[in-house]
Amino acid sequence: MKTKFERILRSLNLKSTPKRIAMLEVLDDEQVYLSPEDIWLRLKKRFRTLGLPTVYRNLEGLFEGGVISRVIHPDRKLYYYLCRNEEHHHHFICMSCRRVEDVRFCAERELQEAVRSGIRGKVLSHILQINGLCHACLKKEGTVHVS
């Protein structure tokens with residue numbers, strides 16, 4: 001019986017290799033974004049021949065296929081997250097604990113109109129990522145009052 005990850009990989013015409021499946025499993029186990037180094041460190045004991053460049057290459061392929069999301073971070077490093085929500089949405093990224101939450105808000109129509117009327121262009125795609133601190137991290141820092 002094929003796993004959900006095997007089906008996803010085959011739908012993208014990617015080989016369903018144990019390493020690719022393991023990378024997706026690592027991301028699936030987390031609700032936080034991970035760096036390629038984080039994933040490599042978790043898998044290198046299991047796959048002794050797994051190199052960091054292989055992890056980077058596979059993560060980029062999975063991102064380009066739409067299987068995982070890339071987190072745009074102020075530190076300019078690459079991070080990835082497996083988002084289970086298939087509906088159009090955006091992400092709130094906690095810069096402290098790395099938690100990723102879905103935001104079901106999109107001003108796509110307004111953006112399209114602003115681009116069409118303002119610069120006479122056409123929107124082909126868009127990405128909205130909100131960076132901040134989640135409630136738990138604010139509470140930990142004593143910045144928020146809990147009611």
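The values are calculated or read from the model by the stated rules, or taken from the named source; none is laboratory data. Just so you know, these numbers come straight off a predicted model, no measurement behind them. With ideal geometry, Cβ positions are generated from the backbone for all residues, glycine too; neighbour counts draw on all protein chains shown.
Which residue out of LEU52, LEU124, LEU34, LEU41 is within 12 Å of the chain's Cα centre (by Cα), at negative phi and of a type outside the set (Gly, Ala, Ser)? I'd like the intermediate steps shown before the answer.
Working: LEU52 fails: within 12 Å of the chain's Cα centre (by Cα); LEU124 fails: within 12 Å of the chain's Cα centre (by Cα); LEU41 fails: within 12 Å of the chain's Cα centre (by Cα).
From the options LEU52, LEU124, LEU34, LEU41, the qualifying one is LEU34.
Tally the residues that are in a loop (DSSP other than H, G, I, E, B) and either in contact (Cβ under 8 Å) with a residue 24 or more places away in the chain or more than 20 Å from ILE21 (Cβ to Cβ) (or both), restricting the search to segment 41-65.
Within segment 41-65, the subset in a loop (DSSP other than H, G, I, E, B) is 44-51, 65.
This time we only want the ones that are either in contact (Cβ under 8 Å) with a residue 24 or more places away in the chain or more than 20 Å from ILE21 (Cβ to Cβ) (or both), so: 46-47, 50, 65.
Qualifying residue count, segment 41-65: 4.
SER69 fails exactly one of the following numbered conditions: (1) more than 26 Å from LEU138 (Cβ to Cβ); (2) of a type in the set (S, T, N, Q); (3) not assigned by TED's automatic domain parsing to the domain that holds LEU133. What is the number of that condition?
Among (1) more than 26 Å from LEU138 (Cβ to Cβ); (2) of a type in the set (S, T, N, Q); (3) not assigned by TED's automatic domain parsing to the domain that holds LEU133, the lone unmet condition for SER69 is (1).
Name the single residue that is modelled with the highest pLDDT among those in segment 137-147 being farther than 21 Å from PRO74 by Cα and assigned to a helix (DSSP H, G or I).
So, considering only residues that are farther than 21 Å from PRO74 by Cα and assigned to a helix (DSSP H, G or I), the one modelled with the highest pLDDT is LYS139.
How do the strands (runs of 3 or more DSSP E) wholly within segment 83-133 filter down when requiring 2 or more residues that are under 23 Å from PHE63 (Cβ atoms) and in contact (Cβ under 8 Å) with a residue 40 or more places away in the chain: which remain?
Numbers: elements: 90-94, 100-103, 129-132.
Here the list reads 90-94, 129-132.
Matching residues to (1) at pLDDT 90 or above; (2) over 21 Å from PHE5 (Cα atoms):
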{"position": "LEU34", "(1), (2)": "yes, no"}
{"position": "LEU50", "(1), (2)": "yes, no"}
{"position": "PRO53", "(1), (2)": "yes, yes"}
{"position": "ASN58", "(1), (2)": "yes, no"}
{"position": "GLU87", "(1), (2)": "no, no"}
{"position": "ILE93", "(1), (2)": "yes, yes"}
{"position": "ARG98", "(1), (2)": "yes, yes"}
